[in-house]
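The values are calculated or read from the model by the stated rules, or taken from the named source; none is laboratory data. No experiment lies behind these values; they were computed from the predicted model shown. Glycine also receives a Cβ, built like all others from the backbone with ideal geometry; neighbour counts cover every protein chain displayed.
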Amino acid sequence: MAREIVVLAYSGGLDTSVCLRWLQDEMDLDIVAVVGEVGQEHDDLEITRQKALDMGCLECRVIDMRQELADNYLTWAMAANAKYEKKYPLLSALTRPVISKYLVDVAHEVGAKYIAHGCTGKGNDQVRFETAIHTLDPSLGIIAPTREWDLLTREQEMAWAEEHGVPIGQSKAKPYSIDDNLWGRAIECGVLENPWNEPPDDIWTITADIDDTPNTPEEVEVEFEKGIPCGINGQKMSYLDCIYKMNEIAGKHGYGRIDMIENRLVGVKSRECYELPGPLALILAHEALEDMCLELEVLHFKPTIEHQWATLVYNGQWFSPLKNALDAFMNYTQQSVNGTVRLKFYKGNCTVVGRKSDWSLYDEGLATYGEGDTFDRTAAKGFIDLYSLPVTTWAKNQRSHGIEQ
Ligand code: ARG
C-alpha cells in the first residue's frame, strides 16, 4: 500500500535533513520536500534539491517566494514600520506565513495529509507555522519531529545523522543558528548565548565592519508611493529590488546591526543578533516621510497600532481578524505617504538629511520665522487661555488648599 504523504519544509540544513530521514524511517511516510527561496544566503539550491531526492524524497520543489514575500508581506511590514519590542524587524516572523501558504498549496496539490517542519519546541517559529497552517487548512496534520525525537543536543543529532546516512556536510563547523532571507539575518546560539559576550566579527556577513567602510559619506534618495519604496536615486524599481539595492548600499557602510535581548512567545528571553541594513534604512526613511505627510492625530496614534501589529505578527497571528483590521488602518494612512527622502550613510550611521512630497503637510509659510509668515499670531492668546484652562483651574483649587506647585 502506498504510504501517506507529508510535505516537509526543507532547508537543506542539519535539522530538516534529519527530519527528512526520520519521517521516512520512524513515521513510515513519503515525502514531498519544499525549499523556499526567500532570499537567504545559499549554495546552489539545485544541490539541495538533489540531496533531498538522494535521501528518498518523492519530490523536492524549489519555490521562489521572493516576489510574493515582498509584495504581500514586506509591504505591510513597511507600512507598519514593523519592529517587535521597538527593535526587531520581524525577519523570521515575516517569512513563516508565506512559506506556510506554499506548503498548504503543495499539500493540496499532492494530496498530503501532513505538513512537517524542523522548528524546535522552544522557539516562536513552530507557533507561527502551525498557527498559519491550521488557519489555512485545519484538516492538515502537523508533525514537528524535533519535538518528538529524543535527539537533545546537536552532537546527538549529528551522530544520528551519521548512523542513518544523512549527509551532514558543513554542519559540524557551524557555531551559530542562522535564519535569513531578503529582509535580513538572525544569528543565535554558540558564544552569543552569554549576553555579556560581544558578538564576534564573524557572525556578520551583510554589514561591513566599520574599519572596512568607505571614508566618504554617501547620499541616497529613496522614493515612496503609498508608503512603499519604488525607486532609488531617481531610478524606478520594484520594492523587491529596492530592498536588495538598499541592503547593498547600507551594508557597505556598516549600517543595520542589532544586538538585543528579546522576549519569545514561549516565555524565554533570548539573546539575538540581527543585521538588516536595507530594511532598517528604508523604515527610517519611511518614518521620516510619514512625519511630513501624516496628520498629527494619525501620526500620534499610529505607533500604538504598529506595536500591536508587530506583536501579533511576532506571535504568529498573520492570518487573523485583528491583523486584517490593523492592515486596513495602515492602508488608509499610507495613501498620502508619497515622496522622496534623502539618506546619508557614513561609518555605520544612517541619517535623514532631506525629504520632499506633494502630499506634505509641512507648510513653510506657517513654520517660518522669516519673510512670508502666514501664521495668525493673534489667535494664539485665546488658544492658550482655553487650552490651559483645565490645569489653571486645578492649580487654583490646589492653592485654595494651601498646596503650591
Ligand atoms: N528570534 C527571532 C524570531 O523568533 C529569530 C528566530 C530565528 N530562527 C532561527 N532558527 N535562528 O523571530
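So, residue 18, is that one among the aliphatic types (A, V, I, L, M) and more than 22 Å from residue 160 (Cβ to Cβ) or not? I'd like the intermediate steps shown before the answer.
Details: among the aliphatic types (A, V, I, L, M): yes; more than 22 Å from residue 160 (Cβ to Cβ): no.
When the stated conditions are applied, residue 18 does not pass them.
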Within the range 123-142, residues away from the ligand (no atom under 16 Å from the Cβ) and either outside any strand (DSSP E or B) or within 27 Å of residue 262 (Cβ to Cβ) (or both) come out as 133, 134, 135, 136, 137, 138, 139, 140, 142
Margin query: For the range 105-122, check the following and say yes or no: at least one residue is small (Gly, Ala, Ser), within 14 Å of the ligand (Cβ to nearest atom) and touching a helix residue (DSSP H, G or I) at 6+ places or on another chain (Cβ under 9 Å).
Written below: yes
Note: among 83, 87, 51, just one is basic (Lys, Arg) and away from the ligand (no atom under 16 Å from the Cβ), namely 51
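Scan the range 93-103 and give yes if some residue there is surrounded by fewer than 20 Cβ atoms within 10 Å (Cβ to Cβ) and within 20 Å of residue 64 (Cα to Cα), otherwise no. Give the steps one after another, and end with the answer.
Of all residues in the range 93-103, those surrounded by fewer than 20 Cβ atoms within 10 Å (Cβ to Cβ) come to 101-102.
Next, only the ones that are within 20 Å of residue 64 (Cα to Cα) stay: 101-102.
Yes: the range 93-103 contains one or more residues that are surrounded by fewer than 20 Cβ atoms within 10 Å (Cβ to Cβ) and within 20 Å of residue 64 (Cα to Cα).
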Check your understanding: Just wondering, is there one or more residues in the range 292-302 that are within 16 Å of the ligand (Cβ to nearest atom), buried (at least 16 other Cβ atoms within 10 Å of the Cβ) and either basic (Lys, Arg) or under 23 Å from residue 98 (Cα atoms) (or both)?
Key -> no
Those residues of the range 86-97 which are over 9 Å from the mean Cα position of the chain (by Cα) and under 15 Å from residue 316 (Cα atoms) amount to 96, 97
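Any idea how many residues of the range 172-185 are more than 14 Å from the ligand (Cβ to nearest atom) and in contact with a Leu (Cβ under 8 Å, 6 or more places away or on another chain)? Reasoning before the result, please.
The initial filter retains those residues of the range 172-185 that are more than 14 Å from the ligand (Cβ to nearest atom), namely 172-173, 182.
Imposing the further condition that a residue be in contact with a Leu (Cβ under 8 Å, 6 or more places away or on another chain) reduces the set to 182.
Here the count works out to 1.
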Within the range 318-335, residues being surrounded by fewer than 20 Cβ atoms within 10 Å (Cβ to Cβ) and in contact with a Ser or Thr (Cβ under 9 Å, 6 or more places away or on another chain) number 2
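In the set 241, 211, which member is surrounded by 15 or more Cβ atoms within 10 Å (Cβ to Cβ) and free of Cβ contacts under 8 Å to residues at least 12 places away in the same chain?
On the way: 211 fails: surrounded by 15 or more Cβ atoms within 10 Å (Cβ to Cβ).
Selected residue: 241, the only one of 241, 211 that is surrounded by 15 or more Cβ atoms within 10 Å (Cβ to Cβ) and free of Cβ contacts under 8 Å to residues at least 12 places away in the same chain.
Limited to the range 211-233, what total is found for residues that are out of contact with any strand residue (DSSP E or B) (no Cβ under 7 Å at 6 or more places or on another chain) and either in a strand (DSSP E or B) or over 20 Å from residue 347 (Cα atoms) (or both)?
Here is the first cut: in the range 211-233, the ones out of contact with any strand residue (DSSP E or B) (no Cβ under 7 Å at 6 or more places or on another chain) are 211-216, 225-228.
Next cut, either in a strand (DSSP E or B) or over 20 Å from residue 347 (Cα atoms) (or both) only: 225-228.
The number of residues fulfilling the criteria is 4.
Only one residue in 263, 315, 338 is buried (at least 17 other Cβ atoms within 10 Å of the Cβ), within 29 Å of residue 122 (Cα to Cα), among the polar types (S, T, N, Q) and touching a residue at least 12 places away in the same chain (Cβ under 8 Å). Which one?
Details: 263 fails: buried (at least 17 other Cβ atoms within 10 Å of the Cβ); 338 fails: within 29 Å of residue 122 (Cα to Cα).
Testing whether each residue is buried (at least 17 other Cβ atoms within 10 Å of the Cβ), within 29 Å of residue 122 (Cα to Cα), among the polar types (S, T, N, Q) and touching a residue at least 12 places away in the same chain (Cβ under 8 Å) leaves just 315.
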The helices (runs of 4 or more DSSP H) lying wholly within the range 1-110 that contain at least 3 residues that are more than 30 Å from residue 279 (Cα to Cα) are 14-25, 45-54, 91-110
Only one of (1) under 17 Å from residue 227 (Cα atoms); (2) out of contact with any strand residue (DSSP E or B) (no Cβ under 8 Å at 6 or more places or on another chain) does not apply to residue 319, and that is (1)
So the helices (runs of 4 or more DSSP H) completely within the range 277-370 holding 2 or more residues that are over 20 Å from the mean Cα position of the chain (by Cα) and either under 24 Å from residue 242 (Cβ atoms) or modelled with pLDDT of 95 or more (or both) are 277-293, 296-314, 321-334
Taking the range 146-176 and the residues there that are modelled with pLDDT of 90 or more and outside any helix (DSSP H, G or I), the one that is surrounded by the most Cβ atoms within 10 Å (Cβ to Cβ) would be 166
Residue check for residue 66: within 16 Å of the ligand (Cβ to nearest atom) and modelled with pLDDT of 95 or more: no
When the range 154-165 is checked residue by residue, the ones that are away from the ligand (no atom under 16 Å from the Cβ), more than 15 Å from residue 25 (Cα to Cα) and of a type outside the set (A, V, I, L, M) are 155, 156
Note on residue 255: of the conditions (1) in a helix (DSSP H, G or I); (2) more than 15 Å from the chain's Cα centre (by Cα), unmet is (1)
